[in-house]
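So the structure is just underneath, and the comments pick up after that.
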Ligand code: DX5
Ligand code: ZN
C-alpha cells in the first residue's frame, strides 16, 4: 500500500481564524482537510454548514475538502455542500432514507462519496455499496466530539473492510477518524487504513509541519 493521506479535522482548529488555520495545515503537508458537520440532532454537537465551506473557497483555499456529514436528513445539505465547493462527501447510512439515492445524488454532481461506519456498526451495513463509493470512513470514536480516546476494537473492522476493498478492483480510500495520534496511527495503518483524520493531535500543537511529519514517520510513509 503506497498512498497515505493525513487529513486534519477542522473541529480542533481556531474557528476565529479558520482560513489561515486550513492554509497553515495544507502548507505544513496535509493532504486533505476533514470538515466535520454536526447538527445537534444526529449527534449531540453543533458545528458549521456550507456557508463556511464556501467562505474557505472564497478565502483562497484550494485543497481537497473532505466533508463528513453527521446530520439528518442528508440530501439537501449534501447538495449545498457540493455547491459550496466540497470535493468528497461522507454520510452515515442510518441518517438517510435511501442510501443508494443519496450516493447517486452526490456522485451525479461529480463529487466523490463516502460512507461512514460507527464503532458499534457491522461492516455489512456498507458492504452492499462498495461498488458505488469512493471512500469508507471508519469511526474510531463515537461521532460528536473531538479529542476522544481511540477505540482499539474498530481495528478488526478496518481489517475486514481492507480485505473487502482489496477483493474488488476499485480505488476506494479507507479513512479512519477519531483519536488518531502518534501512538494510534501505526495500528490503524497496520490494519489497512490509508487516510488518517487527526484533529486535536494536530491543531493542539504549535508546529503543524513537525506534527504532520511525525505522524507520517510513525507509519514510515
Ligand atoms: C468526531 C469527528 C472527528 C474528530 C476527530 O465526531 O468526526 O473528525 O473531530 O478529532 P480527534 O482527532 O481529536 O479525535
Ligand atoms: Zn469526522
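What follows draws every value from the coordinates through simple rules; no lab data is involved. Just so it is clear, the model here is predicted, and its values are computed rather than measured. Cβ atoms come from the backbone with ideal geometry, glycine included; neighbour counts cover every protein chain shown.
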**OP:** Give just the number: which of (1) part of a loop (DSSP other than H, G, I, E, B); (2) under 30 Å from residue 210 (Cα atoms) does residue 34 not satisfy?
**Re:** (1)
**OP:** Check residue 193 against each of (1) closer than 15 Å to residue 7 by Cα; (2) within 13 Å of ligand 1 (Cβ to nearest atom); (3) surrounded by 20 or more Cβ atoms within 10 Å (Cβ to Cβ) and name the one condition it does not meet.
**Re:** (2)
Subject >> Every residue from the stretch 201-215 that is surrounded by fewer than 18 Cβ atoms within 10 Å (Cβ to Cβ) and within 16 Å of ligand 1 (Cβ to nearest atom) >> reply: 204, 205, 214
**OP:** Kindly list the number of the only condition in (1) in a helix (DSSP H, G or I); (2) in contact with a strand residue (DSSP E or B) (Cβ under 7 Å, 6 or more places away or on another chain) that fails for residue 6.
**Re:** (1)
Original post:
Restricting the search to the stretch 132-162, which residues are within 11 Å of ligand 2 (Cβ to nearest atom) and at positive phi?
Top reply: 144
**OP:** Go over the candidates 125, 215, 115, 174 one by one and state the one that is touching a helix residue (DSSP H, G or I) at 6+ places or on another chain (Cβ under 9 Å) and farther than 20 Å from residue 90 by Cα.
**Re:** 215
**OP:** Within the stretch 10-23, identify whether any single residue is part of a strand (DSSP E or B), within 24 Å of residue 117 (Cβ to Cβ) and either in contact with a strand residue (DSSP E or B) (Cβ under 7 Å, 6 or more places away or on another chain) or within 15 Å of ligand 2 (Cβ to nearest atom) (or both), and answer yes or no.
**Re:** no
**OP:** Given the conditions (1) within 16 Å of ligand 2 (Cβ to nearest atom); (2) over 26 Å from residue 105 (Cα atoms); (3) touching a strand residue (DSSP E or B) at 6+ places or on another chain (Cβ under 8 Å), report the number of the one that residue 195 does not fulfil.
**Re:** (2)
Original post:
Taking the stretch 34-52 only, how many residues are more than 11 Å from ligand 2 (Cβ to nearest atom) and in contact with a strand residue (DSSP E or B) (Cβ under 9 Å, 6 or more places away or on another chain)?
Top reply: 10
Original post:
Among the candidates 126, 180, 103, 165, which residue alone is within 17 Å of the chain's Cα centre (by Cα) and closer than 22 Å to residue 6 by Cα?
Top reply: 180
